[in-house]
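Participant: So that we are looking at the same thing, I have put the structure below in structure tokens.
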Amino acid sequence: MTEKKPTLYLIDASSYMYRAFYAMGQRLTAPDGTPTQAVYGFHQMLQKVLKDKKPERVCVVYDPPGPTLRHAIYPDYKATRERMPEDLVVQVPLIKNLVDLLGIPSVEITGYEADDVIAALARKALQAGMRVVIISGDKDLHQLVREPHVIQWDPQKDEIFTSETVERKLGVRPEQVRDFLALMGDSSDNVPGVAGVGRKTAQNLLRQFGTLDQVLSRVEDIKSAAIKKKILAGKEAALLSRDLVTVREDAPVALEPDQCTIGAADTKGLVAFFQSLGFRRFLDELAREAGGEAAHAAAEGLQRRDRLVTDEKGFSAVLAEIAREDVLSIDLETTSTDAMRADLVGVALCWEDHQAAYIPVGHTGEDAGEQLSATRVLEGLRPFLEGERPRKVGQNIKYEWVVLKRHGVELQGIDFDTMVASYLLDPGNPSHRLERIVAEHLGESKLRYSDVAGSGKHQIPFAQVPLEKAVDYACSDAETTFRLVPVLREKLQGAKLENLMDTLERPLIAVLARMEHRGIRVDAARLHELSKVLEEGIRKEEEAIYHIAGGPFNIQSPIQLRDVLFGKLQLPVIKKTKTGPSTDMSVLEELAALHPIAQHIVTYRSLTKLKNTYVDNLPKLIHPETGRIHTSYNQAVTATGRLSSSDPNLQNIPIRTEEGRRIREAFVPEAGCVLLAADYSQIELRIFAHYSGDERLVAAFAEGADIHRRTAAEMFGVPPHEVTPEMRRQAKTINFGIIYGMGPYGLGKQLGISQAGAKAAIERYFATYEGVKGWIQQVVEECRERGYAETLLGRRRYLPELNSRNRNVRQQGERLAVNTTIQGTAADLIKKAMIDIDDAIRKEGLGTAMLLQVHDELVFEVPEDELDRIRALVRDLMENVHPLSVPLVVDMGWGANWAEAHA
DNA sequence: GAGCCCGCGTAC
DNA sequence: GACGTACGCGGGCTCG
């Protein structure tokens, strides 16, 4: 039996600090706001090493602050590196503290990079007869690999680097890595390498000559004259680069491999440490594994105390406590994510950190046992829910509002919504789910819905979830929401977003809830008739298409359609998508000149679109009890601040075509009412004029001119009455294109003119409106400096694109800067108008209901005798929502359906 | 069969 | 690669 050689694990700290910092995908923070994601990720990495390898000898190696020997050789070494982000800088001492608390030895030597210290320690270990595992993802360290004695391992990607894997990855053996990097250079460390020699050439040279020295001494043997020339010219640079990339083994390390044993962890210290950073998961683990009394106590302290309330006694105790509180977090558990169809299953409440209560009212699982009735619970809670106090907070509390309203309770005193707050802090983030918000702002992981109810087809209704799990889940929702409130409020304050929250988004919640709850009446019979008409039209188009194509096929299948158009019929490919030739509208329009099938496909598409998306689906969404359609308005989706609408989306109901308008005819008012549509005329262009301050643009709006006609007249140098429809169309396209940041290419495509012609048109536009160009440049620059676009009411959207080194990405950022400022301001204004109008309607006790918002349009259901009053009120509040340097103008129409209201 | 992506088309 | 913001449909692919 041979004694197993001990192994020394050398951890390259910087590598994992940076990676954890950037790779988490989300920003974690401690309760006090300190960023923590690098600490979190670093600890995860350490745990993986400790658990998987149970190492006896470990050493964490840090990079020292300040210059190293390499800077003496080459002052520009790592000169292109950006400085360590401040959010990471503050985490470095935390990480060092963590390593010490865990009892893991560490070393840092002034003037020597971690790589060099690792090499020196590795050499010592080999001499002592040990094996070495280098823990790092860094390719510079590949040069030290000498299996079986030295290997490199990246625990995060679980990648092991041996001679073989290094060769597969880089195309050279580990001992050639330094020469390889010396030849090709390393842009991340600003190592120059030989100009003109890249990865491939470097590989080929080393394959032929073995080492850099051989390459340089046998330069005459290089076959390619061009490469020979580059090597001769770059000899100095190559030698310098080799000095830079070579890991040296002579760092003065006092620490001996034998001393690198893990000491006892300071459990008490770790508990305090994890507690201060809010790492509940690690605390739990510590309590489970270390079993220290202190850890148990601490985990206990952070552990929620959940109360399950199933009887009158428990419920009255809860009510008595709530009565004394200022803030109440509420989360309803129900049978559906659709608030208009949801029945109550339970109520979770929280009014104190780390404590929550769950009151089941509709559990049907085997373990359900005694429960209070929904009616009883709502009656008991009513005074608190319908009063201003306690103030109510929730995650997407609009949902609670609608469900409660359907259960006869009108929620008042909404104080805060964590979803909305998270959205305001970073509207570009695609998720504002509670689980993600908790991870980002509390640094905790949370029980997920799928953890208790399963997912996919295994998902069970919440009512059947075992009560114990249900309590845990519901309480965790209510309680984390409660604790998020002060954290998010402070962050809103820090970002100057508190006012936007308090005066716009929060008051909007109840307005939207009322709109959703009210819904809009839809004439199903009318849609049914339309469906038949469309069906007949579709049948005819199908027939024509099959006839031309010489047989039936699925026109809705892009693959089959491509086959017919570009295979069978040999039509030219105009445009390509990722997967093949495009068949979209712009392509078919071009093909229409060449072949009759194209027009039929366009018509077929438009008819099936209307039928499938709208006509046949809207009736399915009519609520059985109200006979109306209740869309959901999402307040936390768009990057610009607009609302979005879904289930169904009532913000993209057709209007531009005749058949499309037939669909709007099916949206009708209640008997005795009319539908009133009020839309802002050219709101985005007006905002653009306001911001740019361009005198002619402002004057045009001040005079009430037809802006597209005016633009055409100015650009083409003709009097307004001589502007042709074609000229006006071009001007209109440019007006919109400018807001979207459209370039000559896009404008040319859109107008069907040459790119040169489009370029000239844009130049004419800028010459006409002299203030525009300057404002665009100014707003882009401001956004770049601040890091975000800002709207009139202070809404922010972060635009990291503006500092990208990639030109395309940067230009994209510039378009976003302009467009978000405009679009987001329009969103601010109509949201404020909605709040003002809702207020006025309620104050005056009117019977009118706001039903829909379509970005620049509001739709109301108005009792006939209120129409005059409402028209005046809506116009006044919309037009005077906020003073701008141009007037805001509202167009209105009304009638017996939504189409008529637009006439 | 569920879940996801793609191409496409509707709105502002 | 080139014009911003959304939602949702049908086809078709992947995965279990």
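Participant: To make sure I understand the rule: partners must be lysines, Cα under 22 Å from the Cα of A:K457, and not fewer than 8 residues away in the same chain. Which ones qualify?
Facilitator: A:K469
Participant: Treat every Asp and Glu Cβ in segment A:845-889 as -1 and every Lys and Arg Cβ as +1, leave all other atoms uncharged, and give the resulting dipole magnitude about the Cα centre to the nearest 20 debye.
Facilitator: Roughly 160 debye, rounded to the nearest 20.
Participant: Can you tell me the mean projection area, over all orientations, of the convex hull of segment A:248-290's alpha carbons? Units nm², please.
Facilitator: Hull-based average projected area comes out at 5.1 nm².
Participant: In debye, nearest 20: dipole of segment A:7-259 around its Cα centre with unit charges on the Cβ of K, R (+) and D, E (-)?
Facilitator: 860 debye
Participant: Using θ = phi - 60° and the Karplus form 6.51 cos²θ - 1.76 cosθ + 1.60, what ³J(HN,Hα) does each residue of segment A:110-126 get, whole Hz, x for Gly and Pro?
Facilitator: Result, ordered by residue: 3, x, 10, 5, 3, 4, 5, 5, 4, 5, 5, 5, 4, 4, 4, 5, 4 Hz.
Participant: I need the semi-axes of the equivalent ellipsoid of segment A:521-629: take the C-alpha gyration tensor, multiply each eigenvalue by 5, square-root it, list largest first in whole angstrom.
Facilitator: Values for segment A:521-629, descending: 33, 15, 11 Å.
Participant: Here's a follow-up. Between A:E879 and A:Q303, what is the spin-label point distance in nm, taking each point 7 Å from the Cα along the Cα→C-beta axis?
Facilitator: 6.6 nm
Participant: Between A:T503 and A:T110, what FRET efficiency comes out of the Förster formula 1/(1 + (r/R0)^6) with R0 = 56 Å and r the beta carbon distance, rounded to 0.05?
Facilitator: With R0 = 56 Å, the Cβ-Cβ based efficiency is 0.55.
Participant: Taking the Cα centre of chain A as the origin, how large is its charge dipole in debye, to the nearest 20, when only Lys and Arg (+1) and Asp and Glu (-1) carry charge on their Cβ atoms?
Facilitator: 3080 debye
Participant: Distance in nm between label sites at A:D563 and A:K609, each 7 Å beyond Cα in the beta-carbon direction?
Facilitator: Label-label distance for A:D563 and A:K609, simple model: 2.5 nm.
Participant: Pull out the extension gain between A:D367 and A:K54, defined as 0.36 nm times the separation in residues minus the alpha carbon to alpha carbon distance; nm, one decimal.
Facilitator: 108.4 nm
Participant: Take each of the peptides A:11-21, A:303-313, average the number of other beta-carbon atoms within 10 Å over its residues, and list them starting from the highest.
Facilitator: A:11-21, A:303-313
Participant: Same structure, new question: If the cut-off is a Cα-Cα distance under 13 Å, which aspartates and glutamates reach A:K5, setting aside same-chain residues fewer than 8 apart in sequence?
Facilitator: A:E56, A:D258
Participant: Same structure, new question: Once the dipole of chain A is set up with Lys and Arg at +1 and Asp and Glu at -1 on Cβ about the Cα centre, which of A:G519, A:G413, A:L802 lies farthest towards its positive end?
Facilitator: Result: A:L802.
Participant: Accessible area of chain A with a 1.4 Å probe: how many percent of it is carbon plus sulfur?
Facilitator: 50 percent
Participant: While we're here: Run down the aspartates and glutamates and flag those whose C-alpha is under 13 Å from the C-alpha of A:K749, throwing out any fewer than 8 positions away in its chain.
Facilitator: Straight-distance partners of A:K749: A:E589, A:E590.
Participant: Using only the alpha-carbon atoms of chain A, report the extent along each of the three principal axes, biggest first, to the nearest angstrom.
Facilitator: That works out to 97, 83, 61 Å along the principal axes.
Participant: Okay, next question. Report the full-extension gain for the segment A:K157 to A:R199: residue separation times 0.36 nm, less the Cα-Cα distance, to one decimal in nm.
Facilitator: Values: separation 42, 0.36 × 42 = 15.12 nm, distance 2.35 nm.
Computed gain between A:K157 and A:R199 is 12.8 nm.
Participant: As I understand it, the dipole of segment A:760-871 uses +1 on the Cβ of Lys and Arg and -1 on the Cβ of Asp and Glu, about the Cα centre. Which of A:L852, A:G813, A:A767 lies farthest toward its positive end?
Facilitator: A:G813
Participant: Could I ask something else about it? Would you mind working out the accessible area per residue for chain A, using a 1.4 Å probe, and quoting it in Å²?
Facilitator: 45 Å²
Participant: Between 0 and 90 degrees, rounded to the nearest ten: what's the tilt of helix A:267-277 against the longest Cα principal axis of chain A?
Facilitator: In chain A, helix A:267-277 runs at an angle near 40 degrees to the longest axis.
Participant: May I pose another question? Holding the Cα-Cα limit at 30 Å, pick out from A:K576/A:K620; A:K78/A:K491; A:K96/A:K496; A:K392/A:K496; A:K568/A:K609; A:K405/A:K532 the pairs that are longer than that.
Facilitator: A:K576/A:K620; A:K78/A:K491; A:K96/A:K496; A:K405/A:K532
Participant: Using DSSP to define loop residues, name the GluC sites (Glu not before Pro) in segment A:139-238 whose beta-carbon has at most 13 other beta-carbon atoms within 10 Å.
Facilitator: none
Participant: Could you work out the relative contact order of chain A? I mean the mean sequence separation of Cα pairs under 8 Å and 6+ apart, divided by the number of residues, in percent.
Facilitator: It rounds to 9 percent for chain A.
Participant: Where a ≥ b ≥ c are the square roots of the eigenvalues of the C-alpha gyration tensor, would you call segment A:295-519 rounded, which needs a/c under 1.5, or, failing that, prolate if a/b is larger than b/c, or oblate?
Facilitator: Judged from the Cα gyration tensor, segment A:295-519 comes out rounded (a/c under 1.5).
Participant: Spelling out what I want: for every residue of segment A:474-485, take phi, set θ = phi - 60°, compute 6.51 cos²θ - 1.76 cosθ + 1.60 (Karplus), and round to whole Hz; glycine and proline get x.
Facilitator: 4, 5, 5, 4, 5, 6, 5, 4, 4, 6, 5, 3
Participant: Return one number: the angle in degrees, 0 to 90 and rounded to the nearest 10, between the long axis of the Cα atoms of helix A:397-406 and the longest principal axis of the Cα atoms of chain A.
Facilitator: Orientation of helix A:397-406: about 40 degrees from the principal axis.
Participant: Under 24 Å between alpha carbons: how many lysine pairs meet that in segment A:184-296, if sequence neighbours fewer than 8 apart on the same chain are excluded?
Facilitator: 6
Participant: Just check segment A:430-533 against the gyration tensor rule for me: Cα atoms, a ≥ b ≥ c as the square roots of the eigenvalues, rounded for a/c under 1.5, and otherwise prolate or oblate depending on whether a/b exceeds b/c.
Facilitator: On the way: a/c = 2.74, a/b = 1.26, b/c = 2.18.
Judged from the Cα gyration tensor, segment A:430-533 comes out oblate (a/c at least 1.5, b/c at or above a/b).
Participant: So, one more: Specify the inter-centroid distance of segment A:685-752 and segment A:410-487, based on alpha-carbon positions, in whole Å.
Facilitator: Their Cα centres are 47 Å away from one another.
Participant: Calculate the spin-label point distance for A:E312 paired with A:Q556, positioning each point 7 Å from the Cα along the beta-carbon direction, and give it in nanometres.
Facilitator: Each label point lies 7 Å from its Cα, and together they span 5.8 nm.
Participant: With r as the distance between the Cβ atoms of A:K496 and A:D353 and R0 = 30 Å, compute the FRET efficiency 1/(1 + (r/R0)^6) and round to 0.05.
Facilitator: The pair A:D353/A:K496 has a calculated efficiency of 0.65.
Participant: Using +1 at the Cβ of each Lys and Arg and -1 at the Cβ of each Asp and Glu in chain A, identify which of A:Y633, A:P596, A:Y40 lies farthest towards the dipole's positive end.
Facilitator: The residue sitting farthest along the positive end of the dipole is A:P596.
Participant: How far is helix A:725-740 tilted off the main Cα axis of chain A, in degrees rounded to 10, range 0 to 90?
Facilitator: Approximately 40 degrees, to the nearest ten.
Participant: A further question follows. Efficiency by 1/(1 + (r/R0)^6): what FRET value for A:D326 and A:R207, r their Cβ-Cβ distance, R0 = 60 Å, to the nearest 0.05?
Facilitator: 0.20
Participant: Let me make sure I get this right: for segment A:684-825, a, b and c are the square roots of the gyration tensor eigenvalues over alpha carbons, sorted descending. Under 1.5 in a/c it's rounded, otherwise prolate if a/b > b/c, else oblate. Which is it?
Facilitator: oblate
Participant: Further, regarding this structure: With θ taken as phi - 60° and the coefficients 6.51, -1.76 and 1.60, list the Karplus ³J(HN,Hα) couplings across segment A:343-354 in order, rounded to whole Hz; mark glycine and proline as x.
Facilitator: Here the 3J(HN,Hα) series is 9, 6, 10, x, 10, 9, 10, 9, 9, 7, 3, 6 Hz.
The values are calculated or read from the model by the stated rules, or taken from the named source; none is laboratory data. It should be emphasised that the depicted structure is a prediction, and the values quoted were computed from it without experimental measurement. Note: ideal-geometry Cβ built from the backbone for every residue, glycine included; neighbour counts use all protein chains shown. Only protein heavy atoms, including side chains, enter the accessible area calculation; ligands, DNA and RNA are left aside. Shrake-Rupley method; radii C 1.70, N 1.55, O 1.52, S 1.80 Å.
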